[in-house]
Amino acid sequence: MSGDLLDADTAQGTADRIRADPRLRLDLAMTTPGERRRGAAHTVLIELSRASADYARGICHAALSTHAHMRSSLAHSVRQTECMSSPWPLGSNPDAGDLRSCVSRLMVAEDARWTADVVQSTTSLPDVSAYVSLVMGHHFVRIAYEGAVAVRSTNPDVGVPALAALLEDKYAAITARARHATKLLDNTKKSYADVLLDLAKEMKTHHEALTGNSVWWARRWETDLGIYSLNGTMIGATAPISYRLGFNPTETESISGADLSAVTNEWGGTVAVLSAAALDASEPAPTLTFSGVRFTSRDVLVSRYLPSRFDPRFAPEVKLLMLLVEGDLNTARLLLPHTSAGHEHAVFRARVVTAYHCLSALRQICDTTKGLGSLSLRALRSLLSDAPTQRLLSAGGAKVRNRSVHYEMSDPATVPDLARPMYGLVEAVYPRQTFEGFDADIRATTERAAEVLAEWTA
């Protein structure tokens, strides 16, 4: 097989059309400074998120539309195969290497198309798109980062040079920073103490930006933390989301110090390119409804809110980390199911990543509080010692997590099965485990962990 299925002229022509498309030039000024309510903690990020989501929608729509020509060309350049899932020839007896390459590209395209569908389906739902961008944005960044790595692979059966040529990486450092922040305490670039220090700084930044702005007698009502809820259940908070994605409440047209429109332009373009990784000629279209989804926001003051959450002996930054974990778990159990129709593999991978990193973070928090005891801590320790959690955090569970994040597979012992869910990768990397069993473990532990955190009060 060869990844170089597009000639240079076609690739360059497609790139030029993407860059020249007038729909890419969007107006970021959705709100003026006078319309922002200083001190409304949730409002600043919502406005920033709406602008970011508007850019992402515009970029994805224009780029995906433009890539229709590319997909049409690709469809004519490959042969029909006996592998119905694969748009490039595997032959009648594909070896394990062929299957690994096939599945690598399929997963890149599946995750990118899931991202595009979520983004496009919220076009007419501005309130939904704003919240979804905030609480699911770390998944989108992960897919853009890891997908670009795969498409640029030097393995000719995984990498697609013609697509790689369309990728831009001016803001690669920002993408990488956001990508690594999604790992929570599994980020090898930062220690547990480093993460807590970052969260403490984030709280300080939000407090200084959003308080002290009212007349003296009204300052008792000021807030510095926005809480986002889905149908009454907390799914995210402003300070931890800002830490993860690189937002700043005082610079609402930037992300990690760079221009918001330019960064989201690059991310949207990357998703568009990755959607063609499986050389699929069909054009993505919005299919998700988000029916029954109601998002709400409320503002609180950290110094009043956090003392009532979790263990009173925990430092505020530890509690903020736990708030981030709680939001991720609830997003996985309550919001991701609304995005799964037609994207079951992509959503499964997102749930695996969420459960693994959240449980790993909770385990590390517990390890640092061995001398403490309370009913809620005992409930958390019981959860972490249960068999389903142990299976998820085992060496086999870590391998499933890796296959849900990194697309290229180099281990010759990994033999996919195209007839199985997730292409048989659960069974391939975790002996004596099945997709169905692993999926049940994820659902059970996610529900139970969310319940433990929700019922944990000081």
For residue 236, list long-range residues whose amide hydrogen, built 1.01 Å from N in the peptide plane, is under 5 Å from its own amide hydrogen.
228
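Mind ordering 118-125, 272-279 by average Cβ neighbours within 10 Å, highest first? Display every interim value, and only then the final one.
Working: 118-125: 20.1, 272-279: 27.0.
In descending order of packing, they fall as 272-279, 118-125.
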Phi to ³J(HN,Hα) by Karplus 6.51 cos²θ - 1.76 cosθ + 1.60 over segment 117-126, Hz, x for Gly, Pro:
5, 4, 5, 5, 6, 9, 4, 8, 10, x
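Using 0.36 nm times the number of residues separating residue 303 and residue 366, minus their current alpha carbon distance, what extension gain do you get?
On the way: separation 63, 0.36 × 63 = 22.68 nm, distance 2.33 nm.
Gain on extension, residue 303 to residue 366, equals 20.3 nm.
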At residue 439 and residue 191, where each label point lies 7 Å from the Cα along Cα→Cβ, what is the point-to-point distance in nanometres?
4.2 nm
Assigned charges on the beta-carbon of Lys, Arg, Asp, Glu; segment 256-326 dipole about Cα centre (debye)
580 debye
Options 295, 217, 318, ranked by Cα towards positive dipole end of segment 203-340, top entry (Cβ charges)
217
Estimated vicinal HN-Hα couplings, Hz - segment 329-341 in sequence order (Karplus 6.51, -1.76, 1.60; Gly, Pro = x)
4, 5, 4, 5, 8, 10, 9, 4, x, 6, 10, 8, 4
Need the C-alpha centroid separation for segment 132-211 versus segment 388-435, integer Å.
23 Å
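If you take the beta carbon distance between residue 395 and residue 259 as r and set R0 to 35 Å, what does 1/(1 + (r/R0)^6) give as a FRET efficiency, to the nearest 0.05? Don't skip to the end; give the middle numbers.
Working: r = 43 Å, r/R0 = 1.22.
Calculated value: 0.25.
Quick check on segment 255-305: take the gyration tensor over C-alpha atoms, sort the square-rooted eigenvalues as a ≥ b ≥ c, and tell me if it's rounded (a/c under 1.5), prolate or oblate.
Working: a/c = 4.04, a/b = 1.56, b/c = 2.60.
In terms of gyration-tensor shape, oblate.
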For residue 279, what residues show an amide H to amide H distance below 5 Å, using hydrogens built from the backbone and excluding near sequence neighbours?
none
Only Lys, Arg (+1) and Asp, Glu (-1) charged, at Cβ; segment 218-369 dipole about Cα centre in debye:
740 debye
Taking amide H positions as placed 1.01 Å from N in the peptide plane, with prolines and chain starts having none, which residues 5 or more places from residue 310, or on another chain, fall under 5 Å of its amide H?
457, 458
Contour minus end-to-end for residue 173 and residue 214, with contour as 0.36 nm per residue of separation and end-to-end as the Cα-Cα distance?
11.1 nm
From the phi angles alone, apply the Karplus equation (6.51, -1.76, 1.60; θ = phi - 60°) to segment 202-217 and give each ³J(HN,Hα) in whole Hz, x where the residue is Gly or Pro.
5, 4, 4, 4, 5, 5, 5, 7, 10, 10, x, 9, 8, 4, 4, 6
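Values in this text are rule-based calculations from the coordinates and carry no lab data. Just so it is clear, the model here is predicted, and its values are computed rather than measured. Neighbour counts are summed over all protein chains in view; Cβ atoms, including those assigned to glycine, are modelled from backbone coordinates with ideal geometry.
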